[in-house]
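To start, the structure itself, in structure tokens.
The values are calculated or read from the model by the stated rules, or taken from the named source; none is laboratory data. Everything quoted here is computed from the prediction, not taken from an experiment. Here the Cβ is made from the backbone with ideal geometry for all residues, glycine too, and neighbour counts use every protein chain on show.
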Amino acid sequence: MKTIDVCLSPELMHLYEVKGKSVVVVDILRATSCMTSALAHGIDHIKPFAKLDDCLQAKQEGYLTAGERDGKKVEGFDMGNSPFEYMEPTLKGKKIAFTTTNGTQAIAKSEGADTIVIGSFLNLNAVVHFLRHQEKDILVVCAGWKGKVNMEDTLFAGALVDGLQNHFEPACDAPRMAQRLYADAKNDMVAYLQNSSHVKRLARLNIHKDIAFCLTPNQYNILPIMQNGFMVAQKQS
Ligand code: 3SL
């Protein structure tokens with residue numbers, strides 16, 4: 001049986017091999033939820049950047065600049081990191097250069113994988129469906145917060161382990177732990193996470209609406225997938 005593994009923080013990436021694998025990058029609050037929403041609402045593609053300056057440069061190639069540092073929209077950027085900002089019909093067909101504190105760093109660290117897809121609760125079933133039909137071991141890369149482990153990304157990893165349990169076996173204890181956590185939390189994830197670090201951080205920025213939305217499963221049936229450095233939406237049947 002093929003395996004599923006979970007890297008709980010990008011700082012642990014040196015312990016994992018990405019070559020030959022399907023990698024799922026996850027930053028539930030809020031980068032990968034935001035990217036999923038943007039593509040589901042008609043953004044043409046997203047170019048993720050680890051560095052702020054590189055992201056700004058993309059403006060010269062006609063990109064809108066988007067993202068955050070420490071949860072706040074970057075000065076001079078066109079958009080921040082709230083999924084609701086990307087639902088605006090006038091953004092349809094636009095291309096976006098995106099950089100975030102943790103999410104786009106985790107994407108950069110996943111380079112070299114056979115496939116990189118983006119996961120969020122918003123497209124949980126689409127991610128499960130895609131991975132189930134890949135003949136490759138899976139690595140879920142949790143973006144965490146500045147190198148530290150967080151609960152929301154671990155929960156999503158657990159949801160994937162759970163959804164794929166008849167097809168992929170856990171490679172070590174991290175996927176088993178994530179699955180246990182998800183089993184504890186799945187009936188009310190908003191309540192379960194209320195004392196978690198990043199929920200508290202975001203609550204200080206007054207973005208409760210974003211938190212509730214990002215924890216809502218299966219709003220979209222698309223799969224953001226990296227193709228030649230660009231993230232595009234692949235529709236799932
Ligand atoms: O770190 C990230 O990539 C962001 O998603 C963080 S925040 O939710 O915008 O604060």
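Here are some notes:
- In the set Gly112, Gly67, Gly80, only one residue is within 26 Å of Val199 (Cα to Cα) and in contact with a Lys or Arg (Cβ under 7 Å, 6 or more places away or on another chain); that residue is Gly80.
- Selection from region 71-100 of residues that are free of Cβ contacts under 8 Å to residues at least 60 places away in the same chain, of a type outside the set (Lys, Arg) and within 16 Å of the ligand (Cβ to nearest atom): Val74, Glu75, Phe77, Asp78, Met79, Gly80, Asn81, Glu85, Tyr86, Ile96, Ala97, Thr99
- Cβ-Cβ under 6 Å pairs, at least 6 apart or on other chains, region 1-26 side within 16 Å of Cys172 (Cα to Cα), far side outside any loop (DSSP other than H, G, I, E, B) and charged (D, E, K, R): Met1/Glu169; Thr3/Glu169; Met13/Lys109
- Positions within region 169-220 being assigned to a helix (DSSP H, G or I) and among the hydroxyl-bearing types (Ser, Thr, Tyr), in sequence order: Tyr182, Tyr192, Ser197
- The strands (runs of 3 or more DSSP E) found wholly in region 56-150 and carrying at least 1 residues that are within 20 Å of Val26 (Cα to Cα) and among the charged types (D, E, K, R) occupy 64-69.
- Annotation note: of Lys19, Lys47, the sole residue that is more than 26 Å from Leu122 (Cα to Cα) and either at pLDDT 95 or above or part of a loop (DSSP other than H, G, I, E, B) (or both) is Lys19.
- Residue within region 146-157 that is closer than 20 Å to Tyr86 by Cβ, more than 11 Å from the chain's Cα centre (by Cα), of a type in the set (A, V, I, L, M, F, W, C) and more than 10 Å from the ligand (Cβ to nearest atom) present: no
- Verdict on Gln234 being at pLDDT below 95 and either closer than 19 Å to Thr99 by Cα or more than 14 Å from the ligand (Cβ to nearest atom) (or both): yes
Residue-wise test of (1) more than 16 Å from the ligand (Cβ to nearest atom); (2) β-branched (Val, Ile, Thr).
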residue: Arg180; (1), (2): yes, no
residue: Val190; (1), (2): no, yes
residue: Lys200; (1), (2): no, no
residue: Ile207; (1), (2): no, yes
residue: Ile211; (1), (2): no, yes
residue: Leu215; (1), (2): no, no
residue: Ile222; (1), (2): yes, yes
residue: Ile225; (1), (2): yes, yes
residue: Phe230; (1), (2): yes, no
